[in-house]
């Protein structure tokens, strides 16, 4: 039996769009909150489209490959990866903030072992300069800056690293 070409096409389109969304989140983390709304809308549209493909018999589930393509054309794998990564990562980014000062963009990132328990705090400065008319750096090159603090699980300071320029 032959795998449905329509299902292969849907799989490629669905996962291509998903990978684009994920890369956009990684490129611009400030947009990640918007994807809390975009992903469910995308999943609903994809589910309706997939349902119509089966309704009009453009896609079938005759082979194991068809079933695997269907499984990987749903949000289930992405949600499993998200849950697994949240459970296994030692340090989770719990906050990130940016501001402009002295002609540069500064970034502070806080990692935590669990909610409220810090793992480390990092500071960065943009390599490019910024102005009032161009408040964001033109490249995504960040240099380590200030004093980074690493914590033990009990909240005591494990070590610090000085990156002051």
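Computed from the coordinates by the stated procedures, all read-outs in this text should not be read as laboratory data. Just so it is clear, the structure is predicted and the values come from calculations on it, not from any experiment. When we count neighbours, we look across all protein chains shown, and the Cβ atoms used for this are built from the backbone with ideal geometry, even at glycine.
Yes or no: residue 42 touching a residue at least 60 places away in the same chain (Cβ under 8 Å), over 30 Å from residue 137 (Cα atoms), within 23 Å of the chain's Cα centre (by Cα) and surrounded by 15 or more Cβ atoms within 10 Å (Cβ to Cβ)?
No; evaluated as a whole, the condition is false for this residue.
Could you check the range 3-39 and list, in sequence order, the residues that are exposed (fewer than 12 other Cβ atoms within 10 Å of the Cβ), closer than 17 Å to residue 69 by Cβ and in contact (Cβ under 8 Å) with a residue 40 or more places away in the chain?
none
Please specify each residue of the range 127-146 satisfying the condition of being part of a strand (DSSP E or B) and over 21 Å from the mean Cα position of the chain (by Cα).
127, 128, 129, 143, 144, 145, 146
For the range 87-99, check the following and say yes or no: at least one residue is at positive phi and exposed (fewer than 13 other Cβ atoms within 10 Å of the Cβ).
Taking every residue of the range 87-99 in turn, none turns out to be at positive phi and exposed (fewer than 13 other Cβ atoms within 10 Å of the Cβ).
Matching residues to (1) touching a residue at least 24 places away in the same chain (Cβ under 8 Å); (2) surrounded by fewer than 14 Cβ atoms within 10 Å (Cβ to Cβ):
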| residue | (1), (2) |
| --- | --- |
| 106 | yes, no |
| 123 | yes, no |
| 131 | yes, yes |
| 134 | no, yes |
| 141 | no, yes |
| 150 | yes, no |
| 160 | no, yes |
| 163 | yes, no |
